[in-house]
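Worksheet: one structure, shown below.
Please treat every number below as a calculation from the coordinates, not as lab data. Just so you know, these numbers come straight off a predicted model, no measurement behind them. Backbone-built Cβ (ideal geometry, glycine too); neighbour counts: all protein chains shown.
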């Protein structure tokens, strides 16, 4: 499979990975042959990057920290939870906790897999995938920081619900009243759930506070911010950079990692950023890249300890014959990735 921008997809190519709606239903199934109408529909619903099948890379597998089945189930549970919150009803924490436990089990089993965040996002499913991504990355950071399993469970629930304050229509982060900031509103929603540790509500409350004390909604800084919130802030910031949820230009993973490094110690907790960088793939498997040798290829493998030095497959046509070679950048110190081709 190859990971490409939707503008570079041609009719007749085959979809490499299923596109889901917010409630986990299939919009376009893996393996479907794409038409002009389908490609235009993907653009209309906000899809920018997709996987396509390519016989030259058919053996390339995209390892996942969380299975599609579990993601679909959690997205459905989140949809029910969010609908209850929007309507002012009590939401079922038992169902939500079951989904979190399933997530935790898979994340802990696959903690050596580098996070790629290459799920196909649409306008409809973006907020749900964002919550799951933030949860997944937060747990991995928490594992690296040595949190216990009960702590990881609290962290996971807080991460999954960190943006619940955005569900209330009265939220206005720009009005100057800190109590109308979505972080404060989220705290108000969650603090009344007696079956939840109050620390979970504080994740929603503090995930936009910054280490320098210039964050929102209360201007907390340093040790005033709980560790869970510091961790979620890192995961939330990174996923926002890769999407348009923050309102700015979408960054590529290697660009976002550079920016995260620059924010460490001032806006974001330094230790949390260090552990985050151990969990994320800088160059996602399936991405097309240009090497410093001017050769172009596709990332086909990763190294857990060296996320910036993946394995790249180069396919050339010479005298009507295909020449295929793989370059492991971990073993070629003089070569590096010059750019990502989207």
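A few points about this structure:
- Counting only the Cα atoms, the range 200-322 fills a convex hull of 127 Å³ per residue.
- Between 0 and 90°, nearest 10: helix 227-242 axis offset from the chain longest Cα axis: 40 degrees
- Between helix 68-86 and the chain: long-axis angle, C-alpha atoms, 0 to 90°, nearest 10: 30 degrees
- Taken over the range 94-183, the convex hull of the Cα atoms encloses 137 Å³ per residue.
- Between residue 126 and residue 14, residue separation times 0.36 nm minus the direct Cα-Cα distance comes to 38.0 nm.
- Label reach from residue 109 (point 7 Å along Cα→C-beta): in the range 66-100, amide nitrogens under 17 Å belong to 66-74, 98-100.
- In terms of the mean number of neighbouring beta-carbon atoms within 10 Å, the peptides 133-139, 145-151 order highest first as 133-139, 145-151.
- Here the Gaussian network model covers the chain, with springs between Cα atoms less than 10 Å apart; of 95, 164, 232, 95 fluctuates the most.
- Cα shape, the chain, gyration tensor, a/c 1.5 rule: prolate
- Helix 93-109 axis versus longest C-alpha principal axis of the chain: approximately 40°, rounded to the nearest ten.
- Mean-position separation - Cα centroids, the range 1-25 and the range 275-320, in angstrom: 20 Å
- Considering only alpha-carbon pairs that sit under 8 angstrom and 6 or more positions apart, the relative contact order computed for the range 68-277 is 16 percent.
- Ordering 269, 319, 54, 7 by the number of other Cβ atoms within 10 Å of each residue's own Cβ, fewest first, gives 319, 7, 54, 269.
- The order of 140, 306, 34, going from fewest to most other C-beta atoms within 10 Å of their C-beta, is 306, 34, 140.
- Taking other Cβ atoms within 10 Å as a rough exposure proxy, 39, 19 sort from fewest to most as 39, 19.
- Separation between Cα centres of the range 74-129 and the range 214-272, rounded to whole Å: 21 Å
- Stretchable slack from residue 330 to residue 261, in nm (0.36 nm times residue separation minus alpha-carbon distance): 22.7 nm
- Per-bin percent of Cα-Cα distances, the range 288-341 [10 Å]: 26, 54, 17, 3
- The stretch between residue 35 and residue 86, if pulled fully straight at 0.36 nm per residue, gains 14.7 nm over its current Cα-Cα span.
- Stokes-Einstein translational diffusion, the range 2-57 - Kirkwood Rh over all Cα pairs, 0.890 mPa s, 25 °C, in µm²/s: 217 µm²/s
- Within the listed set 102, 124, 223, the residue fluctuating most in the Gaussian network model of the chain (springs between alpha-carbon atoms under 10 angstrom) is 223.
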